[in-house]
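First comes the structure, then the notes that go with it.
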Amino acid sequence: MPQWDLANSDVILVMGSNMAENHPIAFRFVMQAKERGATVIHADPRFTRTSALCDIYAPVRAGSDIAFLGGIIRYILEKDLWFKEYALHYTNIATIIDERYQGPDELDGLFSGWDEEGKRYTYESWQYEGMTVPSSLAEHYIDTTESFNDETKRLSEGPPPQDMTLQHPNCVYQIMRRHYAGYTPEMVEKVTGCPAETFLKICEALTKNSGPDRTGAICYAVGWTHHSTGVQMIRAAAIIQALLGNVGRPGGGILALRGHTSIQGSTDIPTLYDMLPGYLPQPHAFKPHETFKDFLEMEQTPTGWWANFPKYAVSLLRAWYGDAATPENDWGFDWLPKIIGDHSQLPMTVAMRDGVIRGLFLMGQNPVVGSSNSHMVQRGLANLEWLVVRDFAETESATFWYQGHQVRNGEVRPEDIKTEVFLMPASLAGEKAGTFTNTHRLIQWHDRVVDGPGDSRSELWFVHHLAKRLKALYAESDRPQDEPLKNLTWDYSEDDVMGEPSADDVLKEINGYTWPERKQVGDYQDLKDDGSTACGCWIYSGVYPAEAHNQSRSRCPDGPDGPGTHLGWAFAWPSNRRTLVNRASADPDGKPWSERKKLMWWNAEKGHWDGHDKPDFPRTKSPDFKPDWDSQPQGMDAIGGADPYIMIADGKASLFVPSGLKDGPLPTHYEPVEAPIRNPMYKVQGNPTAKRWEHWDNPLHDPGSPDYPYALTTYRLTEHHSGGTPTRSVPTTAELQPEGFAEISYELAEELGIKNLDWVVLTTARGEIETRALLTHRLRPFHYDGRIIHQIGLPWHFGWKGYATGDIANVLTALIGDPNTSMHENKALTCNLRRGRLGKGH
Amino acid sequence: MRKPTRRRSLLDRIKSFGKEWSLPRQLQGQSHVDKAAESSMSRSLRPRLEEADSVGTSICPYCAVGCSQLVYAKDGKVIHVEGDPRSPINQGTLCPKGAATFGLLTSPRRIDKVLYRRPGGTEWEVKPLDWAMDRIAFLTKRTRDESFVRRLPDGTLVNHTLALASLGGATLDNEENYAIKKLFSGGLGMVWIENQARV
Ligand code: SF4
C-alpha cells in the first residue's frame, strides 16, 4: 500500500518496527490517521517513541511474534469476526487440502512430510486435494528441487476443490481453527509476556475496525524479517489482513518499511543471487533447468499471470544478448550462470573465510559493521586476494587491514594480510542521475546537479568502464565460456568528458523496446516471447513508455480535492498501480464495499474497471466471468472475474500456502535458535528448517544456556543509517548520537551492579564488545515459569570510523538464517553481560 | 548577493532596539508570526537560495520512505538541500537523516582520489583512477579465468565462477543495479551477487 494511504486507515498495528524513529516521515500518515480517529497500536520488546504516540502498547518478548499474531488469528476465527464476503470469495479459506495433511497441533510442532535426515519437508501432503499448486514467487522456492510441472497442469482442468459451507474437516478454515486452537489469550500472555487484557484490547480494535466500511493496516520492518521465522511472521500478518478483508482497499494492507533508499529497487532489479530482474528465477544447476524449454516448463505456471513468464524471460535475454540471442541458441539461455545452492550473504561470509571467494566488490555496503558475525567477516576480508570498495569515505570494511579487530588484538599483522585493496571515491545522489524505488514501489528519478569531488564517479560509470575494459581484454578469445561477455549488449551513450554513461539509456532498456527498431514499449503487456521485444525488467515497463517520456521524473501530485492516489507523481510498478490487488476494493459483483472505502469498481455500461487507481486486474474482465473449464484454460483465462489475486495460480489469497515455503503452510510459533527458554507450545524447540552454518568461527548457544542467560535484540536509531558510514561521517548526525551504548533495564542493572553510563562488556560465543550502559525503563524484563528473563537492546550502527564511534554490535551476532530467505536472526539472540571493560589491544 | 551589513555602534543598537523591539508592536496588534518579528537586521538578510545558479530534484539517499529533495548549487557546489514541498510523501519535510544530506554531500570525510593498499602494505597510496580501473579489470579477468567452471563433474552446464563476489546495491540507483547484475551475472558468470536486502 502507498504510505500516504495509511492516513485512510481506521486502525494501524505497528509491529516489528519502531516507525516513529526509523521511518519518521512515513509515520506522519499514521499520525494523520490518529487525528482522524484511528486506533494506533504498537507491539514491541522496547517502549519507543512509536509506543509513546500510540493508543495501545503491547510489550512482547523478542522472537515471540507468531504466538501473538496466531492468537489474533484464533480470536478472529473463534469469535467469528472475519469479513465473510471478502475472505470466502477472495482467499482459499474454503479450499480442501490433501487428506494426508497433518499439522503441528497433531505432530507436536512438525508438519506432515518431515524428512528428519534431510532436515526438510516434502510438500505433497500440503497440496490442494487432487492438484499441485506452484509457488507464485520465484524467490521462495529456489532450493526446492522437485518438479511440480506435470502435476500443476491439472490446475487447468477445473477450479480447486472447495467447500463453501466450510464444514469439510480438511478445508483451510477447519485446518486453521485446529492449528490456532492452542493460541489462547492465556498462552499469548505466557509466551510473549503481553498481558492477556492488553492483547484482547488489540484484538478488539483490529476486528472492530475492519469490514465493508472500515479498514486496518499493519506496518512492519526488520523487527519481523530478522528472525529464523521471519517469513512466517509476515505470513501471519497476511492471514490476519486477508481474513479481515484488509488487502487491496483504501487504508488496508501491509506496509513493509524497508531500510535503504532503493532496497526495493535492488530487489526488483536484483543484485541478488537467486533472481533475475522482475522476480524471474536465476537458473539452478540442480533443478530441471537444463535447457530453456525445461526452464520455461518448470517456471511457467499454467494459470494466473505468471503464465506470461516466457515473454519476460525471452525479452530479458534479448536485452542482454541482443542479436546474438536467437531461437536456435535458446536466446542465449546457456550463457546465464547457474547457481548451485545458497549464495546469499551469510554463506558468502563462509566462502570468503574459507578462501572460495578470492575477489570481492563492495558497492556502498559495509559488511564489517552490517553483517552478522563481524569477526568472521573481517577474517574473510583478510583472506581475499583483492577487494574493491566503492564508497564516499573510509569505511570499516575498507580499513580492516590496519584497524580491524584481529589487527588490534594481535592475531595478525597488516604485513601478513595479503589482500590488495582499492578504495574508490563514489558519487552520491545529487551528483549522478538515476532512479530509486521506494518502499511502496514508487520509482523516482533524481537529477545530477553537481559533480562528485575529484575522482568520484557513479557506480554506473564504474561498471560501464569495467565492462568496456573487460570486453577489450576478451575481444580475441574464442573460448565458449567468454561468449556471454562478448555478446553482452553494451552501447550506452556517454554524456560528458568524464565518460558518464547515460542513465536514461539504461532506464530505457529496463523499460523495454521493440527489437531491432528500439521503439519504447508502453507497458509490459506489449512484451513478446518471439524476440521482437527487449526488456530489462518487465515489471518496470511503462516507466519510460516513449522516447521523450520519463515517467519517473513526473512531479504532478493530486491537489487537496483530488483522489489522493497521485498517479501523476513518478511511476509505481506495475503499470503505475498504487494499490496492488485493488480489484478486491470492490465486492464480487464489482461494486465498492462501501462509499467510504471506494477505490475501484466495475463500470457495466462501458464494460471496464473504473476508479481512482489503475486497475490491478484485466481492465475489461467482467466480475461475472467464469473460466470455461472444458477448454482447459491457460493463464488469465483460468482466473475468474471475482479472483483478485492474479499473481497466484488460483487467483485467491493463500491463507494456507501449499508450495513455496520451506517451513510449513501455516505460521507456527518456534523459539529463536538462541532462546532463553524452551518452547512453551510444542516439543519442537526452534524452526526445524532454520539455516545454520556449522563453522568453528560461528558457534551457537544452546537454548536456555546458563552461560548466555539474557535475550539480546539489535535495533536502529533515528540519527544513524544502517552500517553508519553515511551518518557517522556527517557532523550533525554524529553530534546528535555520538557513541554506542546498550539499553539495560534497571532491574538487570541492579542485579549486576551496573550504573548508568558505566562501561559494560557483552559476550556471545562469537565475540565480546564493550560499550556504555544506558539504564532505562523502556526495556522491561519478562516473567516466565517463575523466572525473570532480561532483555538487552543494542543499536548496531557503530564502528571505528567517522565522528560517532562505538564497538560493533555484529561481533556478537551469528550466521543463522530463515529457511526461505536466508535472512539472519539478529533480533533475538542470547548473550552475557558484565560491568567492566575489555583488555588492552581490543 | 548578500549586502554587507554596516557595523553599528552600541548606541545605535540600543536606539534601534527601542524602535524595533517587537513586543510593543505585537501589543498594538501586529501579527507575531510575520510582521512583528521583522527588524531592520532581518530585512537585510537574504535567503541563501537566492545565490543558487541551479537546482535539481533529488530523492533522500537514506531510507526507503523516498522523500523528495531540492538540491541547490552555485558554481558547481551544493549550497543547500531541503525537502521538496510538492511531494505527496514528505510535503517539504525531512527527518534528521534526510536533513543531513547537505552535510553528507559536503562531509570533510569524503575521499576524492583512489586509495590503494598493496598486499602486505601498511599504508594507503594515492593512485590515478585509470590505473585502478585497468588493474581491477586485469584482476577480475585473471580470477575469472582461473576459477571458471563450465560443467559440473556430472556434466551439468553451469557457466559460472565461485571466486568472484559482489555485495551492495540497496543504496544505488536502479540503473546501477541493472548494470551490475547484467555485467556480473549475464557477462562474467558470477553467482555471489548480494545486497543489503538480507541485512
Ligand atoms: S528524510 Fe528521513 S524518512 Fe525521508 S527518506 Fe530520508 S531518511 Fe527516510
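The values are calculated or read from the model by the stated rules, or taken from the named source; none is laboratory data. Computed from a predicted model, the values in this text were never measured in an experiment. So basically every Cβ, Gly included, is an ideal-geometry build from the backbone, and we count neighbours across all protein chains shown.
Figure legend. Inter-residue proximity from the stretch A:554-572: first residues within 10 Å of another protein chain (Cβ to nearest Cβ) and within 18 Å of A:Lys597 (Cα to Cα), second residues of a type in the set (S, T, N, Q) and in a loop (DSSP other than H, G, I, E, B), beta-carbon distance below 8 Å, spacing 6+ or different chains. Indicated pairs: A:Thr565/A:Thr579. Counting only residues that are facing chain B (nearest Cβ under 9 Å), in contact (Cβ under 8 Å) with a residue 60 or more places away in the chain and in contact with a strand residue (DSSP E or B) (Cβ under 8 Å, 6 or more places away or on another chain), the stretch A:317-339 holds 4 of them.
Out of curiosity, is A:Ser136 at pLDDT below 90, of a type in the set (S, T, N, Q), surrounded by fewer than 22 Cβ atoms within 10 Å (Cβ to Cβ) and part of a loop (DSSP other than H, G, I, E, B)? Judged against the criteria, A:Ser136 is not a match. The one condition from (1) within 27 Å of A:Pro667 (Cβ to Cβ); (2) touching a His at 6+ places or on another chain (Cβ under 8 Å); (3) away from chain B (no Cβ under 14 Å) that A:Ile792 does not meet is (2).
On the given criteria, is A:Glu396 free of Cβ contacts under 8 Å to residues at least 24 places away in the same chain and either at positive phi or not in a helix (DSSP H, G or I) (or both)? No, not satisfied. Could you check the stretch B:17-59 and list, in sequence order, the residues that are within 36 Å of the chain's Cα centre (by Cα), of a type in the set (A, V, I, L, M, F, W, C), surrounded by 10 or more Cβ atoms within 10 Å (Cβ to Cβ) and away from the ligand (no atom under 16 Å from the Cβ)? Residues satisfying the conditions are B:Ala37, B:Met41, B:Leu45, B:Leu49, B:Ala52, B:Val55. Quick one: in the stretch B:146-168, of everything that is more than 7 Å from chain A (Cβ to nearest Cβ) and not polar (S, T, N, Q), which residue is surrounded by the most Cβ atoms within 10 Å (Cβ to Cβ)? Top of the filtered list is B:Val149. Test A:Ala398 against the stated conditions and say whether it is crowded, with 24+ Cβ neighbours inside 10 Å and more than 7 Å from chain B (Cβ to nearest Cβ). Considered against the rule, which asks whether it is crowded, with 24+ Cβ neighbours inside 10 Å and more than 7 Å from chain B (Cβ to nearest Cβ), A:Ala398 comes out as yes. A Cβ distance below 7 Å, combined with a sequence gap of six or more or placement on separate chains, defines the contacts here; from the stretch B:81-98, residues that are acidic (Asp, Glu) reach residues that are surrounded by fewer than 24 Cβ atoms within 10 Å (Cβ to Cβ) in the pairs B:Glu82/B:Leu70; B:Asp84/B:Thr57; B:Asp84/B:Leu70; B:Asp84/B:Gly92. Note on the stretch A:416-475: enclosed strands (runs of 3 or more DSSP E) holding 1 or more residues that are within 7 Å of another protein chain (Cβ to nearest Cβ) and surrounded by fewer than 24 Cβ atoms within 10 Å (Cβ to Cβ) are A:420-425. Considering (1) away from the ligand (no atom under 16 Å from the Cβ); (2) modelled with pLDDT of 95 or more, the lone condition that B:Thr171 does not fulfil carries the number (1).
Would you confirm, using the coordinates I've provided, whether B:Gly121 is within 16 Å of the ligand (Cβ to nearest atom) and not acidic (Asp, Glu)? No, not satisfied.
When each of A:Leu77, A:Leu69 is tested for being of a type outside the set (Lys, Arg) and in contact with a Leu (Cβ under 9 Å, 6 or more places away or on another chain), the lone residue that passes is A:Leu77.
Considering the conditions (1) within 8 Å of chain A (Cβ to nearest Cβ); (2) in contact (Cβ under 8 Å) with a residue 24 or more places away in the chain, B:Leu139 is excluded by exactly one of them, (2). The number of residues in the stretch B:64-80 that are more than 15 Å from the ligand (Cβ to nearest atom), aliphatic (A, V, I, L, M) and more than 14 Å from A:His446 (Cβ to Cβ) comes to 1.
Scanning the stretch A:368-405 for residues that are in contact with a helix residue (DSSP H, G or I) (Cβ under 7 Å, 6 or more places away or on another chain) and under 21 Å from A:Gly452 (Cβ atoms) turns up A:Val388, A:Arg390, A:Asp391, A:Ala393, A:Thr395, A:Ser397. State yes or no: is B:Thr171 crowded, with 24+ Cβ neighbours inside 10 Å, among the β-branched types (Val, Ile, Thr) and more than 7 Å from chain A (Cβ to nearest Cβ)? In short, no. Only one of the numbered conditions (1) under 26 Å from A:Leu81 (Cβ atoms); (2) in contact (Cβ under 8 Å) with a residue 12 or more places away in the chain; (3) of a type in the set (A, V, I, L, M) is not met by A:Leu296, and that is (1).
Hey, does the stretch A:218-226 have a residue that's more than 16 Å from the ligand (Cβ to nearest atom), farther than 20 Å from A:Trp82 by Cβ and assigned to a loop (DSSP other than H, G, I, E, B)? Among the residues of the stretch A:218-226, at least one is more than 16 Å from the ligand (Cβ to nearest atom), farther than 20 Å from A:Trp82 by Cβ and assigned to a loop (DSSP other than H, G, I, E, B), which makes the answer yes.
Looking at A:Glu768, A:Glu751, A:Glu743, A:Glu719, which is the one that is within 16 Å of the ligand (Cβ to nearest atom), acidic (Asp, Glu) and modelled with pLDDT of 95 or more? Just one listed residue meets the conditions, A:Glu719. Among the residues that make up the stretch B:81-90, is at least one of them out of contact with any Asp or Glu (no Cβ under 7 Å at 6 or more places or on another chain), away from the ligand (no atom under 16 Å from the Cβ) and either farther than 30 Å from A:Gly454 by Cβ or not assigned by TED's automatic domain parsing to the domain that holds B:Gly169 (or both)? No, there is no match, as no residue in the stretch B:81-90 is out of contact with any Asp or Glu (no Cβ under 7 Å at 6 or more places or on another chain), away from the ligand (no atom under 16 Å from the Cβ) and either farther than 30 Å from A:Gly454 by Cβ or not assigned by TED's automatic domain parsing to the domain that holds B:Gly169 (or both). Quick check on my filter: what residues within the stretch A:771-806 are modelled with pLDDT of 95 or more, surrounded by 24 or more Cβ atoms within 10 Å (Cβ to Cβ) and closer than 18 Å to A:Leu829 by Cα? Correct list: A:Gln791, A:Ile792, A:Leu794, A:Trp796, A:His797.
Restricting to the stretch A:18-34, name every residue that is within 12 Å of chain B (Cβ to nearest Cβ) and closer than 18 Å to A:Pro795 by Cα. A:Met19, A:Ala20, A:Glu21, A:Asn22, A:His23, A:Pro24 - these are the residues of the stretch A:18-34 that are within 12 Å of chain B (Cβ to nearest Cβ) and closer than 18 Å to A:Pro795 by Cα. B:Asn90 meets each of the listed conditions (1) within 8 Å of chain A (Cβ to nearest Cβ); (2) in a loop (DSSP other than H, G, I, E, B); (3) surrounded by fewer than 20 Cβ atoms within 10 Å (Cβ to Cβ) apart from (3).
I need the full set of residues from the stretch A:9-28 which are more than 11 Å from the ligand (Cβ to nearest atom) and of a type outside the set (A, V, I, L, M), in order please. Across the stretch A:9-28, the qualifying residues are A:Ser9, A:Asp10, A:Gly16, A:Ser17, A:Asn18.
From the list A:Phe422, A:Phe392, the one residue that fits, being of a type in the set (Phe, Trp, Tyr) and closer than 30 Å to B:Ser87 by Cβ, is A:Phe392. Of the set (1) surrounded by fewer than 23 Cβ atoms within 10 Å (Cβ to Cβ); (2) within 12 Å of the ligand (Cβ to nearest atom); (3) closer than 27 Å to A:Ala62 by Cβ, all apply to A:Met31 but (2). Residues in the stretch B:93-109 that are assigned to a loop (DSSP other than H, G, I, E, B) and either within 11 Å of the ligand (Cβ to nearest atom) or on the phi > 0 side of the Ramachandran plot (or both): B:Thr93, B:Leu94, B:Cys95, B:Pro96, B:Lys97.
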